[in-house]
Number of protein chains: 2
Amino acid sequence: MTKSNALIITAGYLDRVNGKTAHGLLRGTDRFRIVGVIDEKYAGRDAGEVLDGKRRNIPVYASLAEFKAKSAKPAEYCIVGVATKGGVLPEEILSVLREALRSGIGIVNGLHDCVSDHPDLMELASRHGADVIDVRRPKPFHELHFWTGRIKEVRCLKVAVLGTDCALGKRTTAWLLTTAMQNAGRRAEMIYTGQTGWMQGAKYGFIFDATVNDFISGEMEDAIVRCWEEARPEIMFIEGQSSLRNPTGPAGSEWILSAAAQEVVLQHDPARKFIRGAEEYGAAIGKLKDEIALITMYGASTVAVTINTSQMAASEAKLYAEEQERELGIPVVLPLEEGVERLVPVFSRLIDERCPA
Amino acid sequence: MTKSNALIITAGYLDRVNGKTAHGLLRGTDRFRIVGVIDEKYAGRDAGEVLDGKRRNIPVYASLAEFKAKSAKPAEYCIVGVATKGGVLPEEILSVLREALRSGIGIVNGLHDCVSDHPDLMELASRHGADVIDVRRPKPFHELHFWTGRIKEVRCLKVAVLGTDCALGKRTTAWLLTTAMQNAGRRAEMIYTGQTGWMQGAKYGFIFDATVNDFISGEMEDAIVRCWEEARPEIMFIEGQSSLRNPTGPAGSEWILSAAAQEVVLQHDPARKFIRGAEEYGAAIGKLKDEIALITMYGASTVAVTINTSQMAASEAKLYAEEQERELGIPVVLPLEEGVERLVPVFSRLIDERCPA
């Protein structure tokens, strides 16, 4: 994949959960070379440092004008790097997009509010020859797949990376697991299910929440079957979405039933008490053991729990993990602190047992 | 609602599960007055008699030409009354639709394959001033709702009519329950979630499988909140879709979590052994008690089981129901044979206990 230079717009959310698309792109992307972030609030700092304290030599600029004045590298794309209220493109982002298009810079947008539905932006894009990519535009009927049962032909180990809530690191964990297995010499692939996965350059997947509901299972099956036929991995990690008991949009049973994932890795944030977006409603995040029981009921086994520690002290997180590991009897891992290498022998053994070459 | 005269096209499937849209319309619709069915295979018979042995004075015609020659009533619409392979409009139906449009008869189509995506049909429609309604065209982003938690404001009893498989009578049971409660003097409303519900004239609902996935929970909540605000029912029956463990597209947790249905009525066909569309895959339909346990895990209680008896002898069905009723300890009812009046006192009591006026 040839990488295009891209800027990320984060509109004040670079260090917030809303900036999760930006976070994923800063952690790594094969589709783009990130040359800067536009966020007035963090201007002058290094984007990696704002994210997790690790310098990545990606400067934050206050504006597109500042980027153009100071950067030696030109940008081919501006990527909308935040989730906004109601999925709408707010005026503060629209104004940057207009400025970008006037400079002939293309747009990559993963919000439900498509740039191509804004006639003024499209007029600018066509006048300045700039490209517009709406990652989350629902595919039309004739490009969609129904579920057929062909998933049965896929003979590798399939692991669903589910979570107890949305926006708590499922994609990052899936990506770390895939990389760790590859580093251990195993043929591993990640199946993306969100817009950020596509932006990061994952080759197989679909965008779960922008797909017309009747085709969710079929699009998931199709992505996995294509991956199996073309890449012949020994193991696939399928990025989860939302959570099984999330009233704002429950999801997860598709991974076990339609994608026939035999194993689950469950991502959890112990500091989060309520489902994101359902705090006022009072939807509490369930206990790990109840979530695991529900997963068992659907026919998969949970092989490990992975912890999002963003709201915990390191020592506290470590204690929590040890305690849960004793209680649940499966590995409980802190991916960003310790890596996920501890799980490599677990999955290697499962591959050898269940899917011998 | 002023009723329009309509013909139903069933293309050889009038007495098959594929004809379930036609079946619903023959059982009753407030949106249309059904003046005939076009189905060469059953031409000359009464459509009601073909459906379930009950005459409804709706003739079956071999062709649109025969209808025009013999019927005293003109048709304003042709309704596509069948589910087709892959959701596609096959040539045998397209040719009838072209003929209808040439006579100025409009089209109501609930397949994913939209008539408005067929330029030749749209050209005919515009030339002959005929109306085209694609019930299942996904709504655009700006017309869709995210889930907000406003479901909390709805203070009536909410009952989800779920099933152990798709296409086994959930909609019919929801409609019978709504009518039975109304006949008993209770303010009851049905929330539709499929294209047939809309065609039957149900006022509140949305089309589950044609909705972009991120908006499923919000559209469901919005339909229920609107119904509550406008009609102030004491009880709502929410039509289910698919089944919780259906690999072709699992569904059901939305009804319990997002619509906050406290009670479930579970529709079941004892003669069906495998999930429809997953027979070769080998997805067996689970036991009733396991399905009820899964529903319990999501936080709702199953108050009754309703039985689709289409593949059973009457005596066999009765025996099965009695046996299950003893085993499960809840009413097990045969809606089409016995009606659902036995459940009226059950729901009346629940309304009085949980949602006193």
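The values are calculated or read from the model by the stated rules, or taken from the named source; none is laboratory data. These figures come from a predicted structure and were not determined experimentally. As a convention, Cβ positions derive from the backbone with ideal geometry for all residues, glycine included, and neighbour counts pool all protein chains shown. Ligands, DNA and RNA are excluded from the accessible area calculation, which covers all protein heavy atoms including side chains. Shrake-Rupley method; radii C 1.70, N 1.55, O 1.52, S 1.80 Å.
Considering only residues that are of a type in the set (Gly, Ala, Ser) and at pLDDT 95 or above, which ones fall in the range A:72-90? Spell out the reasoning first.
Looking only at the range A:72-90, we keep the residues that are of a type in the set (Gly, Ala, Ser), and these are A:72, A:75, A:81, A:83, A:86-87.
The answer is A:ALA75, A:GLY81.
Restricting attention to the range A:189-204, the residues that are away from chain B (no Cβ under 14 Å), buried (at least 24 other Cβ atoms within 10 Å of the Cβ) and in contact with a strand residue (DSSP E or B) (Cβ under 6 Å, 6 or more places away or on another chain) add up to 6.
The set of residues in the range B:47-70 that are without any contact (Cβ under 8 Å) to a residue 60 or more places away in the chain and open to solvent by less than 30 Å² (accessible area, probe 1.4 Å) comprises B:ALA47, B:GLY48, B:VAL50, B:ILE58, B:VAL60, B:TYR61, B:LEU64. Residues that are surrounded by fewer than 20 Cβ atoms within 10 Å (Cβ to Cβ), of a type in the set (A, V, I, L, M), on the phi < 0 side of the Ramachandran plot and out of contact with any helix residue (DSSP H, G or I) (no Cβ under 7 Å at 6 or more places or on another chain): does the range A:92-108 have at least one? Looking for residues that are surrounded by fewer than 20 Cβ atoms within 10 Å (Cβ to Cβ), of a type in the set (A, V, I, L, M), on the phi < 0 side of the Ramachandran plot and out of contact with any helix residue (DSSP H, G or I) (no Cβ under 7 Å at 6 or more places or on another chain), one finds at least one in the range A:92-108, hence yes.
Out of the range B:300-316, which residues are open to solvent by less than 60 Å² (accessible area, probe 1.4 Å), touching a residue at least 24 places away in the same chain (Cβ under 8 Å), farther than 19 Å from B:ARG342 by Cα and more than 14 Å from chain A (Cβ to nearest Cβ)? Break it down stepwise before answering.
First, pick out the residues of the range B:300-316 that are open to solvent by less than 60 Å² (accessible area, probe 1.4 Å): B:300-309, B:312-313.
Adding the requirement that they be touching a residue at least 24 places away in the same chain (Cβ under 8 Å) leaves B:300-309, B:312.
Checking the rest, the ones that are also farther than 19 Å from B:ARG342 by Cα come to B:300, B:312.
Selection gives B:MET312 alone.
Within the range B:264-299, being out of contact with any helix residue (DSSP H, G or I) (no Cβ under 9 Å at 6 or more places or on another chain), crowded, with 18+ Cβ neighbours inside 10 Å and within 12 Å of chain A (Cβ to nearest Cβ) holds for B:ILE275, B:GLY277, B:ALA278, B:GLU291.
Checking the structure you have, find out if any residue of the range A:219-227 is among the charged types (D, E, K, R), touching a strand residue (DSSP E or B) at 6+ places or on another chain (Cβ under 7 Å), in contact (Cβ under 8 Å) with a residue 12 or more places away in the chain and over 19 Å from A:LEU266 (Cβ atoms).
To start, the set of residues in the range A:219-227 that are among the charged types (D, E, K, R) comprises A:219, A:221-222, A:226.
Retained after the next criterion (residues that are touching a strand residue (DSSP E or B) at 6+ places or on another chain (Cβ under 7 Å)): A:226.
Applying the additional criterion that residues be in contact (Cβ under 8 Å) with a residue 12 or more places away in the chain yields A:226.
Those still in the list that are over 19 Å from A:LEU266 (Cβ atoms) too: A:226.
Among the residues of the range A:219-227, at least one is among the charged types (D, E, K, R), touching a strand residue (DSSP E or B) at 6+ places or on another chain (Cβ under 7 Å), in contact (Cβ under 8 Å) with a residue 12 or more places away in the chain and over 19 Å from A:LEU266 (Cβ atoms), which makes the answer yes.
Residue by residue, here is whether (1) touching a Cys at 6+ places or on another chain (Cβ under 8 Å); (2) under 26 Å from B:ARG136 (Cα atoms); (3) within 14 Å of chain B (Cβ to nearest Cβ) holds:
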position: A:ASP117; (1), (2), (3): no, yes, yes
position: A:PHE146; (1), (2), (3): no, yes, yes
position: A:VAL161; (1), (2), (3): no, no, no
position: A:ASP165; (1), (2), (3): no, no, yes
position: A:ALA184; (1), (2), (3): no, no, no
position: A:VAL212; (1), (2), (3): no, yes, yes
position: A:GLU221; (1), (2), (3): no, yes, yes
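When the test is whether a residue is surrounded by fewer than 21 Cβ atoms within 10 Å (Cβ to Cβ) and more than 14 Å from B:CYS114 (Cα to Cα), B:ALA75 does not pass it.
Among the residues of the range B:129-144, how many are away from every other protein chain (no Cβ under 14 Å) and open to solvent by less than 70 Å² (accessible area, probe 1.4 Å)? Spell out the reasoning first.
Residues of the range B:129-144 away from every other protein chain (no Cβ under 14 Å): B:129-133.
Those still in the list that are open to solvent by less than 70 Å² (accessible area, probe 1.4 Å) too: B:129-130, B:132-133.
Count: 4.
Can you find a residue that is closer than 25 Å to A:MET297 by Cα, within 14 Å of chain A (Cβ to nearest Cβ) and surrounded by fewer than 23 Cβ atoms within 10 Å (Cβ to Cβ) anywhere in the range B:317-328? No, every residue in the range B:317-328 fails to be closer than 25 Å to A:MET297 by Cα, within 14 Å of chain A (Cβ to nearest Cβ) and surrounded by fewer than 23 Cβ atoms within 10 Å (Cβ to Cβ). Mind checking which residues of the range A:1-47 are hydroxyl-bearing (Ser, Thr, Tyr) and assigned to a strand (DSSP E or B)? Of everything in the range A:1-47, just one residue is hydroxyl-bearing (Ser, Thr, Tyr) and assigned to a strand (DSSP E or B), namely A:SER4. Of (1) modelled with pLDDT under 95; (2) more than 22 Å from the chain's Cα centre (by Cα), A:ALA167 satisfies all except one. Which? Of everything listed in (1) modelled with pLDDT under 95; (2) more than 22 Å from the chain's Cα centre (by Cα), A:ALA167 misses just condition (2).
Yes/no per residue for (1) farther than 17 Å from A:LEU294 by Cα; (2) of a type in the set (S, T, N, Q); (3) in a helix (DSSP H, G or I):
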residue: B:VAL225; (1), (2), (3): yes, no, yes
residue: B:GLU229; (1), (2), (3): yes, no, yes
residue: B:ARG245; (1), (2), (3): no, no, no
residue: B:ALA261; (1), (2), (3): yes, no, no
residue: B:ALA271; (1), (2), (3): yes, no, no
residue: B:GLU279; (1), (2), (3): yes, no, no
residue: B:LYS289; (1), (2), (3): no, no, yes
residue: B:THR296; (1), (2), (3): no, yes, yes
residue: B:ALA304; (1), (2), (3): yes, no, no
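On the stretch given as the range A:71-96, residues that are more than 14 Å from chain B (Cβ to nearest Cβ), touching a residue at least 60 places away in the same chain (Cβ under 8 Å) and among the hydrophobic types (A, V, I, L, M, F, W, C) total 7. Residues that are more than 13 Å from chain B (Cβ to nearest Cβ) and out of contact with any Leu (no Cβ under 6 Å at 6 or more places or on another chain) were ranked within the range A:148-157; the one that is least open to solvent (accessible area, probe 1.4 Å) is A:CYS156. All conditions but one from (1) crowded, with 23+ Cβ neighbours inside 10 Å; (2) more than 29 Å from B:LEU336 (Cβ to Cβ) apply to B:VAL212; the one that does not is (1). Pairing each residue of the range A:188-204 that is within 21 Å of A:ASN109 (Cβ to Cβ) with any residue that is among the basic types (Lys, Arg) and buried (at least 24 other Cβ atoms within 10 Å of the Cβ), provided the two are 6+ apart or on different chains, yields C-beta distances under 7 Å for A:GLY194/A:ARG171; A:THR196/A:ARG171; A:GLY197/A:ARG171. Could you list, in sequence order, the residues of the range B:25-46 that are modelled with pLDDT of 95 or more and open to solvent by less than 20 Å² (accessible area, probe 1.4 Å)? Of everything in the range B:25-46, those that are modelled with pLDDT of 95 or more and open to solvent by less than 20 Å² (accessible area, probe 1.4 Å) turn out to be B:LEU25, B:LEU26, B:PHE32, B:VAL35, B:GLY36, B:VAL37, B:ILE38, B:ASP39, B:TYR42, B:ASP46. Scanning the range A:172-182 for residues that are among the polar types (S, T, N, Q) and surrounded by fewer than 24 Cβ atoms within 10 Å (Cβ to Cβ), we see that the one that is nearest to the other protein chains (Cβ to nearest Cβ) is A:THR172.
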